[in-house]
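Derivation of every value follows stated rules applied to the coordinates shown; laboratory data play no part. Note that the structure is predicted; figures quoted are calculated from it, not measured. Counting neighbours? That spans all protein chains shown, and the Cβs are built from the backbone with ideal geometry, glycine included.
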Amino acid sequence: MRPSSLIASIVLTLLALASPASAEWFADAYVGASLTSKDEITFKTFGVERKQDADFKSSAIFGLRFGKWFDTLPWLGVAVDGSYFRASADVQVFPLTGLLMLRYGFLKDEEFKDGRLQPYGGIGGGLFISNLDGSIGFVEGSDTSADMGFDLRLGVAYRIESNWAAFFEYRFTHVSPTYTVEPFGGSTPADTTLNTNHFLLGLSYRF
């Protein structure tokens, strides 16, 4: 199955699951660090394919997530997530993704029937808007690319009290944008891949 078809299937599943039902809603905010792996940028000049190293950098990441855990299936949830990070000094990335989420509860009691300690995971994808304004590799460009990308999460949340939880999360995102660059005075499309590891700390409000 093509990656775009897989992502479309996940998004349709999220929409189907999001039909009205009793639920534990949540709103999350997080900050952290992102590290985009070194890759190559590929483009053609004078009919010849050329490749250059693209040294991506670490950056801060900020994000918000909104979703719900289902009362009838308390281990299952859906969410929508929006965030911002930089793959390099000149490449900004704005992912907007849908997630299918799973969790398991430990330390259950009368107050925390779903568990005070909750490991969880999420998988999905969506639209990644990335903007190049400067250099990538050794070529210059100013362009915006909108692409479908992949999003994977693993984390653990701890319920501080009935409405609040703190969480630590590892996130992996993958997207392959295309930018117009200007080598040797001309312009040509250039492809690269942004594989990024994110390490996040956040607060969750449950209602």
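Determine the shape class of the stretch 56-124: with a ≥ b ≥ c the square roots of the Cα gyration tensor eigenvalues, call it rounded for a/c under 1.5, and otherwise prolate if a/b is greater than b/c, oblate otherwise. In terms of gyration-tensor shape, prolate. The magnitude of the dipole of the chain, with charges of +1 and -1 set on the Cβ of Lys/Arg and Asp/Glu and taken from the Cα centre, is near 420 debye.
For the pair F207 and K113, label points projected 7 Å from Cα toward Cβ lie 2.1 nm apart. With Cβ to Cβ distances under 11 Å as the rule, what net charge do the other residues near N131 carry (K, R +1; D, E -1)? Every neighbour counted, the sum reads -2.
With respect to the chain, whose longest principal axis is taken over its alpha-carbon atoms, helix 3-17 is tilted by about 30°.
Quick one: compute the contact order of the chain, relative version, from alpha carbon pairs under 8 angstrom and 6+ residues apart, as a percent.
Details: 584 pairs, mean separation 45.6, N = 207.
Averaging sequence separation for qualifying contacts and normalising by length gives 22 percent for the chain.
How much FRET efficiency would the formula 1/(1 + (r/R0)^6) give for T193 and T72, where r is the Cβ-Cβ distance and R0 is 25 Å, rounded to 0.05? Once the sixth-power term is evaluated, E becomes 0.05.
What is the count of Lys pairs in the chain whose alpha carbons sit under 30 Å apart, if the two are 8 or more places apart or on different chains?
Working: K38/K51; K38/K57; K44/K57; K68/K108; K68/K113.
Qualifying lysine pairs in the chain: 5.
Placing a pseudo-label 7 Å from each Cα along the Cα-to-Cβ vector at H174 and E161 gives an inter-label distance of 4.3 nm.
Put the Cα centre of the stretch 77-107 next to the Cα centre of the stretch 179-207 and the gap is 13 Å. The residues packed around Y30, meaning those with a beta-carbon under 10 Å from its beta-carbon, carry a net charge of -1 if Lys and Arg are +1 and Asp and Glu are -1.
Electrostatic bookkeeping for L99 treats Lys and Arg as +1 and Asp and Glu as -1; over the other residues with beta carbon under 14 Å from its beta carbon, the sum is +1.
Here the calculated FRET efficiency for E49 and F94, from their Cβ-Cβ distance with R0 = 35 Å, stands at 0.75, rounded to the nearest 0.05.
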